[in-house]
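K.L.:
Next up is a structure, given as structure tokens.
The values are calculated or read from the model by the stated rules, or taken from the named source; none is laboratory data. Bear in mind the structure is a predicted one, so any value in this text is a computation, not a measurement. Methodologically, a virtual Cβ is constructed for each residue, glycine included, from the backbone with ideal geometry; neighbour enumeration extends over all protein chains shown.
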Amino acid sequence: MITLDYTRTCFIVAACCGILFLIQLLYLFIVYARMYQASRKQTQEAANTGNCPPLSVIIVTKDSGSILKENLPPILEQDYPTFEVIVVNDQSAGEDEEILKLLGNKYPNLYHTFIPQTARYISRKKLGIAMGIKASRYEWIVVTEPTCRPRSNQWLKNLATHFNEGTEIVLGYCGYTEGKGLFRKRVKADNLFQSMRYLGAALNHHPYMGIGKNLAYRKSSYTHHKGFAEQLPLLRGDDDLFINSLANSNNTAVALHPDSFMEQQFPPYKRIWYEEKVSRLVTGNFYKGTARFMNGLETWTCALFHLFTIGGLVLSISCHEWIFTAIIAVLWLIRFILTMVIFQKTAHATGEKSCCIFPIFDWLRPLWALLIKIHYWRRTKTDFLRK
């Protein structure tokens, strides 16, 4: 008959908690705290307003309607010496073309074209950006979307601060507008967390992706890389996969001054956001380097830490092993406090006032990641290819 040694079992569980705790702390201080630290530093420093090379802003629109009318003027009215805004219309069935013509009469730096109907079997978003870049006159390209608008008329100037010699890519932050409801708070928390992850990695000289809502890169780098040639059949990849293949430790900068931020409207339907999450998971399978493994390691060590904490507390309390109870509880409390402090400081630095569900988000994000993964497994490969 085998007798269970409860003291030894509690020791093993506590040791596992300790190892997982250390892994989580490494991610917190090396990756997730970097965004807040860089934002605070850039806010305190005076922007180099003399570095304002001409640039082109590229936007691909499809059935954006009144959103386009609302968000384009803040872009066109940027306090910047020389820039153009090129909008590529993707067969919009609504009033996009009429809005673009009306705005074109008011703003001489607005240009617009359209994607031909004959274009098939490739991502129309990538084709639209490629057309905009080909039509652009300037070296620096800034990419955003119709649902996004700058929080300041100094947006372009703050991006241009990082247009230095040797820099080919500038990553920027894009949050969400304020909104009520638990789902919207979850979306805002998830967006901030993902930004802390990929921008933190870039600040540590390990860039692996970008978001095409606040992103800049050199036209010459795009041309030398042959554009999106490697990812044309995929529906997505015009931002994260392109940056993943182009970025390195020396050519990527991150703009985190509050005036460099963009904000986007919430998707009208939940399924749109879920589809975006699944699509990001698809393109993540093509990442070069260790980013996919490192992100997965953080997520699942977080899940295991919570599970071992619960199991360890139940076991040690039931066995009256109070020393192990105290050790496990202290480890959980230290991680919880540090996580909340870093999240809240980053939320404050980025103006995300309603990200108050971080405690819930921290507990449930591994489960949500698993659910998204299951949703992805149930799909077929052709669901993510241009038909």
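K.L.:
Is segment 243-252 home to any residue that is surrounded by 21 or more Cβ atoms within 10 Å (Cβ to Cβ), under 14 Å from the mean Cα position of the chain (by Cα) and closer than 25 Å to residue 133 by Cβ?
P.N.:
Yes, the conditions are met somewhere in segment 243-252.
K.L.:
Identify the single condition in (1) in the same structural domain as residue 147 (by TED's automatic domain parsing); (2) farther than 21 Å from residue 129 by Cα; (3) surrounded by fewer than 19 Cβ atoms within 10 Å (Cβ to Cβ); (4) in contact (Cβ under 8 Å) with a residue 40 or more places away in the chain that residue 280 does not satisfy, given that it satisfies every other one.
P.N.:
(2)
K.L.:
Turning to a different aspect of this structure: Give me a count of the residues in segment 41-86 that are free of Cβ contacts under 8 Å to residues at least 12 places away in the same chain and either closer than 19 Å to residue 140 by Cα or crowded, with 16+ Cβ neighbours inside 10 Å (or both).
P.N.:
Number of matching residues: 1.
K.L.:
So, of the residues in segment 80-103 that are of a type outside the set (A, V, I, L, M, F, W, C) and under 26 Å from the mean Cα position of the chain (by Cα), which turns out to be farthest from residue 150 (Cα to Cα)?
P.N.:
The selected residue is 90.
K.L.:
Looking only at segment 328-350, how many residues end up being surrounded by fewer than 20 Cβ atoms within 10 Å (Cβ to Cβ), β-branched (Val, Ile, Thr) and under 20 Å from residue 12 (Cβ atoms)?
P.N.:
1
K.L.:
Please state which one of 80, 107 is hydroxyl-bearing (Ser, Thr, Tyr), over 30 Å from residue 200 (Cα atoms) and modelled with pLDDT of 90 or more.
P.N.:
Result of the check over 80, 107: 107.
K.L.:
While we're looking at this one, here's another question. Before we move on, is residue 275 free of Cβ contacts under 8 Å to residues at least 40 places away in the same chain and either touching a helix residue (DSSP H, G or I) at 6+ places or on another chain (Cβ under 9 Å) or not assigned by TED's automatic domain parsing to the domain that holds residue 367 (or both)?
P.N.:
Working: free of Cβ contacts under 8 Å to residues at least 40 places away in the same chain: yes; either touching a helix residue (DSSP H, G or I) at 6+ places or on another chain (Cβ under 9 Å) or not assigned by TED's automatic domain parsing to the domain that holds residue 367 (or both): yes.
Answer is yes for this residue.
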